[in-house]
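Taking it in order: structure first as structure tokens, then the write-up.
Laboratory data are not the source of any read-out in this text; all were calculated from the coordinates shown. Remember, predicted model here, so these are calculated numbers, not experimental data. Cβ atoms come from the backbone with ideal geometry, glycine included; neighbour counts cover every protein chain shown.
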Amino acid sequence: MKFKDQTAVVTGGARGIGAAIAEAFAAEGADIAIVNYGMEEECAEVCRALTEKYSVKAAAYQCDVSDFEAVKTVCGEIKKDFGTVNILVNNAGITKDNLTPMMSEKDYDAVVDVDMKGVFNMIRHCYGFFIRNKSGAIINISSVSGIMGNPGQINYSAAKAGVIAITKTVARELAPRGVTVNAIAPGFIQTDMTKDIGSGGEELKKTIPVGHMGSPKDVAEAAVFLAGARYITGEVLRVDGGIAM
């Protein structure tokens, strides 16, 4: 088991990509701390399932990752319960799509606060764990929208591009400490975020070179790979079926 006796923190781990990432690390022996906002029953069920299936320790923490002080508090709770953090996966994110002329300031700020500032908050308050351990991995979930833009997603694209910049900056800071920092840029993945595409799904698939959407497991496998790759840092790994080639 690649990550036995290590602790992996996964934000937005109640369902979809986050839940798949939590399970992938648990399957490799890692104890799991899920940080989520709302969906308490779903979080509890994910933790129960991981404990029963993989015999690892798993606990859920309620926290709005856009809240600096709340993140500080929850990271303290994780330290008390798990001792340290070896792997941090920043997956929590929201969308509030609209074309630029119709985008409200409130919706713009909400997405940037959760999707980008939330990554900063989590890294900021877990930074000490990695410095003390002189090892570990941080994986930030970005998006192909942050690489090539996407109409109707000025907030989301900006936030996810910012996540890539955060990744490269922190990778340079922590490389001398033996810590890798990488990003994953998913394309169209079958989750609740994409379930409303509906009748446009077939047309969408035509834009994806491999001809189909990805699954949360595809992203989870990439996260496990990056967490174990000690000579890759500051990289953005696209998991997109070739859409951003």
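Quick notes
- Among the helices of the chain, those built from whole DSSP H runs whose Cα atoms reach 15 Å or more along their own axis and whose mean Kyte-Doolittle hydropathy is at least -0.5 are 16-27, 68-82, 118-133, 154-174, 216-228.
- Taking the Cα centre of the range 34-136 as reference, the dipole from Cβ charges on Lys and Arg (+1) and Asp and Glu (-1) amounts to some 740 debye.
- Straight-distance crosslink candidates among lysines, where the alpha carbon sits under 21 Å from Lys96 and sequence neighbours closer than 8 are dropped: Lys106, Lys117, Lys160, Lys195
- For the pair Met245 and Leu204, a Förster radius of 22 Å applied to the C-beta separation gives a FRET efficiency near 0.85, rounded to the nearest 0.05.
- Between amide H atoms placed 1.01 Å from N, distances below 5 Å from Ala58 occur with Ile32, all of them 5 or more places distant or on a separate chain.
- Assigned charges on the beta-carbon of Lys, Arg, Asp, Glu; the chain dipole about Cα centre (debye): 1000
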